[in-house]
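J.: Pasting a structure below so you can have a look.
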Amino acid sequence: MNHDGFIGVFDSGLGGLTVAKTIIEELPAENIIYFGDTAHVPYGTKSPKQIREFAINDVNFLRRFDLKALVIACNTADSVARQTLEEKFDLPIYGVIQPASKRAAKLTVNGNIGIMATRATVSSQAYNRAILNVNPSAHVHSIACPLLVPLVENGRFSKDDPVTRLVLQEYLAPLLEKGIDTLVLGCTHYPLLSEAIEDLAKGVRVISSSEAAAFALKNGLAKAGLLRSNGIGVHRYYVSDDAEHFKENAMLFMGNEIAGEVGQVNV
Ligand code: DGL
């Protein structure tokens, strides 16, 4: 495996940037190729079969580059397509669900863990399995939040946005009633909403699956002796639909212009 190879990161759209952002902060020397399948977002309302097909196409695109690791920066794809990707591609694959589950299972004090995720992720029960594996006495309370990805993709992630707050209040209410002390943002789009979520769920420890994933990648690359430690990494971004729309919202989130052009590709 080549130290200078790219880390391929994919998601259905903007969400995976929350993973890419932490990777860039933690591993500034790494070369990254990001792909957002914006022509097919959202994934979370689609069938497992469809999500698996999208995920295979996403990885086939990323494989045009010399990859040293693949990051499934999408809980939905990680929950239903991971096994398929592992069988089909000979690449070190990192995901979001295992690292976030480990963090939640270890950090909860009262054992009540809330999961906010897409419908597909909640139906897969992937979080329940992964958390109970680490902490069999935990209680996992999940809620599907189908309105959140469209809000984020449309740039509606400010903590002061009244529509976003109302929607979040409705999704959080049943979880707060269960007395959760830990909440997993089980979709990589949701960290864009974390200020609003933290404001509405005071006293609850909020875990970003995106951050957990980036740290798991860092540890994995270090263990494999594959960290690139010198220089500044190259970052390239591709989407399957309008590049300008992606670029504008990506800037809002990344806090500055994303380095390099955003390419549009058909997958
Ligand atoms: N950001 C993705 C996730 O983590 C996908 C959301 C979607 O496209 O529905 O689940």
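J.: Enumerate the strands (runs of 3 or more DSSP E) found wholly within the stretch 1-81, keeping only those where 2 or more residues are surrounded by fewer than 24 Cβ atoms within 10 Å (Cβ to Cβ). It would help to see each step written out before you state the result.
T.: Numbers: elements: 6-11, 31-36, 67-72.
Output list reads 31-36, 67-72.
J.: Here is a further query. Go through (1) more than 9 Å from the ligand (Cβ to nearest atom); (2) in contact with a Phe, Trp or Tyr (Cβ under 9 Å, 6 or more places away or on another chain) for residue 24 and report which single condition fails.
T.: The number of the failed condition is (2).
J.: Looking at the stretch 139-155, which of its residues are within 15 Å of the ligand (Cβ to nearest atom) and outside any strand (DSSP E or B)? Outline the logic, then answer.
T.: If we filter the stretch 139-155 for residues that are within 15 Å of the ligand (Cβ to nearest atom), which is where we start, we get 142-154.
Of everything in the stretch 139-155, those that are within 15 Å of the ligand (Cβ to nearest atom) and outside any strand (DSSP E or B) turn out to be 145, 146, 147, 148, 149, 150, 151, 152, 153, 154.
J.: Just the residues that are of a type in the set (A, V, I, L, M, F, W, C) and either surrounded by 18 or more Cβ atoms within 10 Å (Cβ to Cβ) or modelled with pLDDT under 95 (or both), please, taken from the stretch 145-175. Give the derivation first.
T.: Of all residues in the stretch 145-175, those of a type in the set (A, V, I, L, M, F, W, C) come to 145, 147-149, 151-152, 157, 163, 166-168, 172-173, 175.
Selection gives 145, 148, 149, 151, 152, 157, 167, 168, 172, 175.
The values are calculated or read from the model by the stated rules, or taken from the named source; none is laboratory data. What you are looking at is a predicted structure, and each value in this text was computed from that prediction instead of being measured. As a convention, Cβ positions derive from the backbone with ideal geometry for all residues, glycine included, and neighbour counts pool all protein chains shown.
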